[in-house]
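Below you'll find the structure, written out as structure tokens, and then a few comments.
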Amino acid sequence: MRTQVVIVGSGPSGLLLGQLLAMAGIETIILEQKSKDYVLGRIRAGVLEEGTVGLIEQAGAAARLHSEGLVHDGIEIAFEGSRHRIDFKALTGRTVTVYGQTEVTRDLMDARAAIGAPTVYEALDVDLLELESDRPVVRYRKDGEACEIACDYVAGCDGFHGIGRRSIPEDVLRAYERVYPFGWLGVLVDQPPISHELIYVNHRRGFALCSMRSMTRSRYYLQCRLDEHVEDWPDEKFWEELTRRLDPDVVGNLRTGASIEKSIAPLRSFVAEPMRFGRLFLAGDAAHIVPPTGAKGLNLAASDVAYLSRALIERYASGSGAGLDAYPEKALARVWKAVRFSWWMTQTLHRFPESSGFDQKMQAAELEYLFSSKAAQTALAENYVGLPY
Ligand code: FAD
Ligand code: DHB
């Protein structure tokens, strides 16, 4: 087989890249190690920046997002018994859209099927070869049979545990990492949200987040210990703990019920540089992970794809590889700013087990400054709605 670009991974970054390239007449094959249903069963991010929405529009997959997505003008932050609103619209003129990653993935898969572009699900043992030549080769197994694709470029859109980053020699790659001493326990429930906007909670028992997927489906998170398992958290215990971390005046609106999904995610910041090796380009979680606190993971995957798709389109249209050469530096400049913001949100809103009295005073001062300063609120707002690209 032969194609122009092999994309490894059919998460949001791989699917979005495939669509944007298809719009420019560039052929791709997506190789995904899991089944389609498995990919669609993962519950992850929920907040889209305007830039991400714009890219999904360009990809021809935004009809349902526009009819079902919820546009939010701000968020609330709860601390020491009171709630403070950060008004994105007033501070930046911009908004965010609440629409689940699962739905984004489904819409992009449908758009890809509609144009007849190929995805190989359950493609096993993907191996990337000859990446430093001008004719990379990708091998994999499908239904026990060995397959091979010759291509011009490979896009590693295969997430943190994928093969893309691991195909870059160790002496070329430099990784930067911070692992946080807690995780997020997430619950999805078919009940209306507690409030019309997201509430981020810094409570002495730990962080909590009240989010949603629609006006009838809510998503809640609790900071938990790293040694805890979902089996330790029957629904009743989850609702009890969430209730303890919320202000009494919102608790009355909390609608509980049987969870339809429950999972624990560890929190880490991770960046691998450079995002290129020969003709292999990394995008999304394959190159970087952020803690979820700033809702940046999916949005960063989208901005990487914006840069990479423009560079590949330029390469095929004009023969110039300048955009591809500039890709790692351009993408990483934005990545590091989102890493900083997600680290800051995490630092400011969680309770760290090892924090000293001084650390706690610093956190309280940071939040009190935020609540009293329009400049500080603007800094949060412009990062949350998404830096330009
Ligand atoms: P992924 O979505 O990980 O997609 C990569 C794809 O590649 C997968 O389908 C995988 O099966 C496939 N793949 C992997 N290895 C191979 C291989 N060797 N061969 C072929 N295919 C392969 N972000 C937020 O903003 N808010 C959240 O609440 C949030 N929650 C999260 C919870 C979890 C458990 C995780 C893991 C992430 C969460 N994120 C969240 C981050 C966000 O979901 C990611 O940033 C986003 O999914 C990145 O998209 P991606 O396409 O780059 O990677
Ligand atoms: C969601 C996740 C986040 O990390 C966040 O900051 C906001 C919302 C969510 O899953 O709904």
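Among what's in the range 114-137 and is free of Cβ contacts under 8 Å to residues at least 60 places away in the same chain and within 16 Å of ligand 1 (Cβ to nearest atom), pick the residue that is least open to solvent (accessible area, probe 1.4 Å). Result: Val137.
In this structure, is Val120 of a type outside the set (Gly, Ala, Ser) and in contact with a helix residue (DSSP H, G or I) (Cβ under 6 Å, 6 or more places away or on another chain)?
Considered against the rule, which asks whether it is of a type outside the set (Gly, Ala, Ser) and in contact with a helix residue (DSSP H, G or I) (Cβ under 6 Å, 6 or more places away or on another chain), Val120 comes out as no.
Any chance the range 342-360 includes a residue that's at pLDDT 95 or above, under 19 Å from the mean Cα position of the chain (by Cα) and basic (Lys, Arg)? No, the range 342-360 contains no residue that is at pLDDT 95 or above, under 19 Å from the mean Cα position of the chain (by Cα) and basic (Lys, Arg).
Taking the range 322-389 as the region of interest, the helices (runs of 4 or more DSSP H) fully inside it that hold 2 or more residues being open to solvent by less than 10 Å² (accessible area, probe 1.4 Å) and within 18 Å of Asn299 (Cα to Cα) are 322-349, 374-384.
Closer than 26 Å to Ala45 by Cα and of a type in the set (D, E, K, R), is that true of Lys361?
no
Scanning the range 276-291 for residues that are away from ligand 2 (no atom under 16 Å from the Cβ) and out of contact with any strand residue (DSSP E or B) (no Cβ under 8 Å at 6 or more places or on another chain) turns up at least one hit. Do the conditions hold for Glu170, that is, is it more than 23 Å from the chain's Cα centre (by Cα) and farther than 30 Å from Glu27 by Cβ? In short, yes. Within the range 1-45, the residues that satisfy the criterion of being surrounded by fewer than 24 Cβ atoms within 10 Å (Cβ to Cβ), of a type in the set (Gly, Ala, Ser) and under 19 Å from the mean Cα position of the chain (by Cα) are Gly41, Ala45. When we screen Pro181, Pro192 for residues that are away from ligand 1 (no atom under 16 Å from the Cβ) and out of contact with any Ser or Thr (no Cβ under 7 Å at 6 or more places or on another chain), the only hit is Pro181. Applying the condition of being in contact with an Asp or Glu (Cβ under 6 Å, 6 or more places away or on another chain) and more than 14 Å from ligand 2 (Cβ to nearest atom) to the range 154-194 and asking which residue is least open to solvent (accessible area, probe 1.4 Å) yields Gly164. Contact map, the range 274-300: first residue open to solvent by 10 Å² or more (accessible area, probe 1.4 Å), second residue modelled with pLDDT under 95 and within 9 Å of ligand 2 (Cβ to nearest atom), Cβ cut-off under 8 Å, separation 6 or more or different chains; pairs are Pro292/Ala45; Ala295/Ala45; Ala295/Gly46; Gly297/Arg44; Gly297/Ala45; Leu298/Arg44; Leu298/Ala45. One residue alone among Arg165, Arg219, Arg244, Arg213 is out of contact with any Leu (no Cβ under 9 Å at 6 or more places or on another chain) and among the charged types (D, E, K, R), and that residue is Arg244. Restricting the range 207-246 to residues that are touching a His at 6+ places or on another chain (Cβ under 9 Å) and not hydrophobic (A, V, I, L, M, F, W, C), the residue that is most open to solvent (accessible area, probe 1.4 Å) is Arg244. Of the numbered criteria (1) surrounded by fewer than 24 Cβ atoms within 10 Å (Cβ to Cβ); (2) under 16 Å from Met109 (Cα atoms), the one Leu70 fails is (2). Of the residues making up the range 48-58, those that are surrounded by fewer than 24 Cβ atoms within 10 Å (Cβ to Cβ) and touching a strand residue (DSSP E or B) at 6+ places or on another chain (Cβ under 6 Å) number 1.
The values are calculated or read from the model by the stated rules, or taken from the named source; none is laboratory data. In this text, all values refer to a predicted model and were calculated from it rather than measured experimentally. When we count neighbours, we look across all protein chains shown, and the Cβ atoms used for this are built from the backbone with ideal geometry, even at glycine. What goes into the accessible areas is simple: the full protein's heavy atoms, side chains included, and nothing from ligands, DNA or RNA. Shrake-Rupley method; radii C 1.70, N 1.55, O 1.52, S 1.80 Å.
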